Amino acid sequence: MSGSNPDHRTINAGESLADDATRLDGLAKATGDARYSRDHLRDDMRWVRLIRCPWGKATLESLDRDAALAVPGVTEVVISGDAGDYDGDSIGYIVAENRRALERGLDALDARWARAACKTGILDDERARAPIGAPEGDAADAIDASDFTFEATYSTPVQTHSSLETHGMMIEPDGEGAIVHASTQGTFLVADQIGRFLGKRRSRIVVDCEYIGGGFGSKFQIGKEGAAAGLAAKSSGVPVYSFCDRREEHLDTGNRPSLLCKIKLGHDADGTIRGARIETLGGTGVSSRGGGARIPSGRFDLGAVDGQNHQNVQFNAGGPRAMRAPGCPQGAFVEELMLDEVAHRCGLDPLALRRRLDGSERRGEMYDVAARLIGWSDRPDTGSQDGPMRTGYGIATCDWGKGRAPAKIEVVVHPDGHLEVRTGTQDIGTGQRTAMGAVVAERIGVPLANISVAIGDSRLPSGPASGGSVCTPSTAPAAMAAADLARDRILADVAERDGLDVTTLRIDDGIVKSGDRSIVRWEDACKRLPEPISVMGEFNARPNAYWGDGSSEGVQAARVEVDCETGQVFVREVVAIQSCGLPLVRKPAESQIIGGVIQGASYALFEEQVLDPATGAVLNANFENYKILGAKDCPKIVPVLWRDGQTGVRALGEPPVIPTAAAIANAVFNAIGRPVRDLPLRPDRILAALAEPVPERVAAATTTKTEVRA
Amino acid sequence: MKPFAYTSPRSTNDASSLATSKDHALPVLKTGGMDLLDRMKEGLETPGLVIDLTRIDDPALDRIESGRIGGRATLAAVSDADVIRESTPMIAQACGSAATPQVRNVASVAGNLLQETRCWYWRMAQFDCVRKGGEGCPAREGEHRFHALFPEGPCLMVHPSNLAPALLLLDGSVDVVGGNRTSIPMADLQPDPAKDWRSTSVLAPGEIVTAVRFDPAPNSGFVALKQKQSFDWPMVSGYAVLDLDGDVIRSARTCAGAVAPRPRLLPAVDAALAGVSITDDEAIRKACEASIEGAAPLPGTAYKKTLLPVAIRRAVMAAANPGGEA
């Protein structure tokens, strides 16, 4: 049986630059010493709250601005609109000297709304109900020439980012300038954006984001809550505090858009896919952009694809923002489940089909390891089980691109031997702080304990926002370059003083050595410095020695149990193999994979925004009814860092979230014999699927042309 | 949240008098405060005075005995108490299944019985409904997947308590002080939802639940079918108490949770189970199918019809094998 696979610590031993380093900020975060942006409170600050529409579509009938302004402590009421197009849409903001006055002021406003008819999802649009269009171009001929055709429709829900630290900022105006404590994944983006609202020069704005409690792609922009804070700070000249509450966080800070995908493909008896037409509808809420899904992914040979058929569908809900691998988990869910359905029709092992259709050599090797670790040989035939508890195995894949951004890292060496690593780029939770320290420590040859890292401050050297998984791949080369410069300065100094050939010198665990001979301790070498030395490492986003070539790839395999009497799905284990060039620090690198799997499993089983069909109000804008995976729902996760011999660093943040839901959906298909084509895999949907017959196998019988509609 | 006064009296009598005092509008009692806090944050409840019962100096409020549990005992204490686990496992299981360890560490037995419905329409201030004194039920044409399979009256809510069905099944009662009675049978604690769909209980202002009483039942079992295993309310829950003669069920009592506005006793199942051997899987399945007699599913609650007989059967098997793997 599976479950006996080796511990991931054993699997990953020796694969990272720093195998045993622990997070530099772990203790501060665990004890509460870490000061997040939301923790910046002052007695003299003002509180800002947006005034929001409570319905999917409504016009403001009345509002008593004077009554609100009459509440003691309320200092400003700004009304800029009289209609809302979604639950959470804002029409202005209110400012008060304390939180109680803020809430009393909102009550006194007594906003009255007249509801209007609204749309609450993709399915409200007639395009969703139309049959798939006729394939065009080469795809039409390819499907025509295939032995069999297969049609299916898949859907995924709106997933909200659910950052634990809600969106917002605290602004401290200071004469000509301001300090902005922002919860952001783009320190420098906020610095660029906020000035317009504050009416201050960019050069006088300091953005501080030492810690951030989650962003997942939703915290690049200052948002309405930030704009209101900026305006309130500008008009009052005093500190202001503007953070969303939990409900607002779910309503109006972005989401992963919903998807409806119609597929028609032609395949042969042996599983060869000759061509496909793929239509996607992306649910973008009130936004007109951002609903795209990555399908086909390009990882599999689907023959001639008629795939440029995307349309966004608007309805009365908050719009999407980038969310961890935008468009990818939903695309992977559709494509990978579709592959498993084709495999089933042809009587093939879905792993064997993937090996045929997937051109990546690296994933080819990953398939073997994933199969071994999950226990693929125990996988039952799809549809072969009866009995209440059924086991299933599923596999899915990911890849992630080659993005890079310019970055600078400063390293300061102090005469006491301590080093400071300085980077304005924020640590969104990836372990950026630890990774930068570890890179410098390892590269120079001194213990990590010698190093402190200053991070998340726009006064520090500039670097990328946490997006596209470019942050570590871009900052690590700069840190390596800075470490090399610092080390070479110290070694040059030692060589000169001791009359040694600098090319023979190296630093090993804090000792400068020439060959095997110890010359001087690092600390003693530094003592000779007349003043701290400061060097700047730069990465210009072009390939160099520290560049992690190619794309990051991954394979995940899931084992589930499905209670067929109740429709409950229990994810027992996920093996998650991920390449990322050179893993820097083992624990946070593994943590990226584990976090991706958790978020992906939660997406597979639980998460969905629920709108009231009549009013468009969001019924589950809280953590009770917006269900996220909890401790007892969490599978055993085996993160495997796939070292591919590179010295450079590649993306790791986004790819691990891509295949999880797909692998789980495939495992459920394997367990219960029927595909469940709609996420999340709720009990009612599992039960409904079980009431359907097991889809027939088409290929074993004959190669004559047969039309089979799924 | 609206400002409120707070007090923590040292005696139940003081708490009771405060609860009827005219000095404050809408005084409310609090123990764990888990549900109260949610309601106050949403503005569903705006008490002028919160009377905290956690400082009352009376160990009986926390005491846990066979057949009697103090109203202030936490769900965690009940689920951990050997005397309950052995004498009435269904109660320990029901308390241990609720919410999360953090919640169970503060949530009280009385609070669990008296908590408000989790209906997401009722919980949102912007919705009006019959339960709030308005018109109609937005869940009926709306999103009602967690609502009633057996509606009674115009409100589609389901009773949220894990514990209430267990006590009802065990002919339980609650001890009360502060009124003109000392005890209320569980069957009467909640008004008939077909006649009064607004009240959670018949308790008068000033009445405080000090304990719950029930007949211990070693052969009792509880099963919650939840979508999430951490922090979720059941889609359906099943309760069973058996009187066994060897393997044969001499008599059975079963109850369903999360399918109706109050705990739903299942006499048809009880009748069908009588005389059946617990090893006769087919007969037990058939008997438990009677649990859905009278079901009136809406499109979104139809799946509960599948779940209910399963929950009841598993509860019966848990009752037959107390201490075994459910």
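The values are calculated or read from the model by the stated rules, or taken from the named source; none is laboratory data. Small disclaimer: the values here were computed from a predicted structure and weren't measured. Glycine also receives a Cβ, built like all others from the backbone with ideal geometry; neighbour counts cover every protein chain displayed.
Taking the listed residues A:VAL597, A:VAL618, A:VAL585, A:VAL638, the one that is surrounded by 20 or more Cβ atoms within 10 Å (Cβ to Cβ), out of contact with any Leu (no Cβ under 8 Å at 6 or more places or on another chain) and of a type in the set (Val, Ile, Thr) is A:VAL597, with no other qualifying.
Of all the numbered requirements in (1) within 14 Å of another protein chain (Cβ to nearest Cβ); (2) in contact with a Leu (Cβ under 7 Å, 6 or more places away or on another chain), A:GLN646 misses one, and that requirement is (1). When the residues of segment A:153-175 are filtered to those that are of a type in the set (D, E, K, R) and modelled with pLDDT of 95 or more, the one that is farthest from A:GLY32 (Cα to Cα) is A:GLU172. Could you tell me whether segment B:131-145 includes any residue that is over 18 Å from B:LEU44 (Cα atoms), of a type outside the set (Lys, Arg), within 14 Å of another protein chain (Cβ to nearest Cβ) and without any contact (Cβ under 8 Å) to a residue 12 or more places away in the chain? Yes: one or more hits.
The residue that is nearest to B:ARG118 (Cα to Cα), among those in segment B:47-57 that are surrounded by 15 or more Cβ atoms within 10 Å (Cβ to Cβ) and without any contact (Cβ under 8 Å) to a residue 60 or more places away in the chain, is B:PRO47.
Whenever a residue of segment A:568-581 is in contact (Cβ under 8 Å) with a residue 40 or more places away in the chain and closer than 12 Å to A:ILE598 by Cα, its partners that are hydroxyl-bearing (Ser, Thr, Tyr) and surrounded by fewer than 24 Cβ atoms within 10 Å (Cβ to Cβ), lying with C-beta atoms within less than 7 angstrom and at least six residues away or across chains, give the pairs A:GLU573/A:SER2.
Of the strands (runs of 3 or more DSSP E) entirely within segment A:235-321, those holding at least 2 residues that are under 18 Å from A:GLU336 (Cα atoms) occupy A:258-267, A:273-285, A:304-306. Scanning segment A:576-622 for residues that are more than 14 Å from chain B (Cβ to nearest Cβ), in contact with a Pro (Cβ under 9 Å, 6 or more places away or on another chain) and on the phi < 0 side of the Ramachandran plot yields a total of 16. If you go through segment B:87-112, how many residues are away from chain A (no Cβ under 13 Å) and either without any contact (Cβ under 8 Å) to a residue 40 or more places away in the chain or farther than 14 Å from B:ASP35 by Cα (or both)? Selection size over segment B:87-112: 11.
Remark: pairs (first residue in segment B:218-229, of a type in the set (Ser, Thr, Tyr); second residue outside any loop (DSSP other than H, G, I, E, B); Cβ separation under 7 Å; 6+ apart in sequence or on different chains) = B:SER220/B:PRO89; B:SER220/B:MET90; B:SER220/B:ALA240; B:SER220/B:VAL241; B:SER220/B:ALA319. I'd like the residue in segment B:206-251 that is more than 24 Å from A:LEU679 (Cβ to Cβ) and of a type in the set (Ser, Thr, Tyr) and, out of all such residues, is nearest to the other protein chains (Cβ to nearest Cβ). Restricting to residues being more than 24 Å from A:LEU679 (Cβ to Cβ) and of a type in the set (Ser, Thr, Tyr), the top hit is B:SER237.
This table checks each residue for (1) charged (D, E, K, R); (2) in contact (Cβ under 8 Å) with a residue 12 or more places away in the chain; (3) not assigned by TED's automatic domain parsing to the domain that holds A:VAL180.
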position: A:LEU460; (1), (2), (3): no, yes, yes
position: A:ALA478; (1), (2), (3): no, yes, yes
position: A:ARG497; (1), (2), (3): yes, yes, yes
position: A:GLY515; (1), (2), (3): no, no, yes
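Scanning segment B:289-299 for residues that are part of a helix (DSSP H, G or I) and either under 18 Å from A:GLU565 (Cα atoms) or of a type in the set (A, V, I, L, M, F, W, C) (or both), we see that the one that is farthest from the other protein chains (Cβ to nearest Cβ) is B:ALA290.
When segment A:191-211 is limited to residues that are aliphatic (A, V, I, L, M) and either part of a strand (DSSP E or B) or modelled with pLDDT under 95 (or both), the one that is nearest to the chain's Cα centre (by Cα) turns out to be A:VAL207.
For every residue, the table says whether it meets (1) of a type in the set (D, E, K, R); (2) more than 16 Å from the chain's Cα centre (by Cα); (3) at pLDDT 95 or above.
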{"site": "B:VAL177", "(1), (2), (3)": "no, yes, yes"}
{"site": "B:MET186", "(1), (2), (3)": "no, no, yes"}
{"site": "B:ARG198", "(1), (2), (3)": "yes, yes, yes"}
{"site": "B:ILE208", "(1), (2), (3)": "no, yes, yes"}
{"site": "B:VAL223", "(1), (2), (3)": "no, no, yes"}
{"site": "B:LYS228", "(1), (2), (3)": "yes, yes, yes"}
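Taken over segment B:235-290, the criterion of being of a type in the set (S, T, N, Q) and either modelled with pLDDT under 95 or surrounded by fewer than 21 Cβ atoms within 10 Å (Cβ to Cβ) (or both) is satisfied by B:SER251, B:SER277, B:THR279. Note on segment B:1-24: residues that are in contact with a Leu (Cβ under 8 Å, 6 or more places away or on another chain) and either modelled with pLDDT under 95 or more than 25 Å from B:ARG104 (Cα to Cα) (or both) total 7.
Taking segment A:377-463 and the strands (runs of 3 or more DSSP E) fully enclosed by it, the elements with 1 or more residues that are touching a His at 6+ places or on another chain (Cβ under 8 Å) are at A:419-423, A:451-455. Looking for whichever is among the polar types (S, T, N, Q), surrounded by fewer than 22 Cβ atoms within 10 Å (Cβ to Cβ) and either touching a Cys at 6+ places or on another chain (Cβ under 6 Å) or farther than 30 Å from B:MET1 by Cβ (or both) here; the options are A:SER162, A:SER203. Which one fits? Every option except A:SER203 fails the conditions.
Step by step: first the residues of segment B:120-129, then only those that are facing chain A (nearest Cβ under 10 Å) and of a type in the set (A, V, I, L, M, F, W, C), then the one that is nearest to B:GLY43 (Cα to Cα). Which residue is that?
B:ALA125
When restricted to residues that are over 17 Å from A:GLU420 (Cβ atoms) and assigned to a helix (DSSP H, G or I), segment A:478-524 contains 13. Restricting to segment A:648-674, and then to whatever is within 22 Å of A:GLY467 (Cα to Cα) and among the β-branched types (Val, Ile, Thr), can you tell me which residue is modelled with the lowest pLDDT? In this case the residue turns out to be A:VAL649. Please pick out the residue among A:ARG99, A:ARG104 that is within 14 Å of chain B (Cβ to nearest Cβ) and either farther than 30 Å from B:LYS41 by Cβ or without any contact (Cβ under 8 Å) to a residue 40 or more places away in the chain (or both). Being within 14 Å of chain B (Cβ to nearest Cβ) and either farther than 30 Å from B:LYS41 by Cβ or without any contact (Cβ under 8 Å) to a residue 40 or more places away in the chain (or both) holds for just one of A:ARG99, A:ARG104, which is A:ARG104. Looking across segment A:380-398 at every residue that is surrounded by fewer than 23 Cβ atoms within 10 Å (Cβ to Cβ) and under 32 Å from the mean Cα position of the chain (by Cα), the one that is nearest to A:GLN578 (Cα to Cα) is identified as A:THR391. Inside segment B:1-59, residues that are part of a loop (DSSP other than H, G, I, E, B), within 14 Å of chain A (Cβ to nearest Cβ) and of a type in the set (Lys, Arg) make up a count of 1. Among the conditions (1) in contact with a helix residue (DSSP H, G or I) (Cβ under 7 Å, 6 or more places away or on another chain); (2) over 30 Å from A:VAL698 (Cβ atoms), A:MET45 misses just one, which is (1). Candidates B:ALA295, B:ALA319: the one that is over 28 Å from A:ARG685 (Cα atoms) and either surrounded by fewer than 21 Cβ atoms within 10 Å (Cβ to Cβ) or in contact (Cβ under 8 Å) with a residue 60 or more places away in the chain (or both) is B:ALA319.
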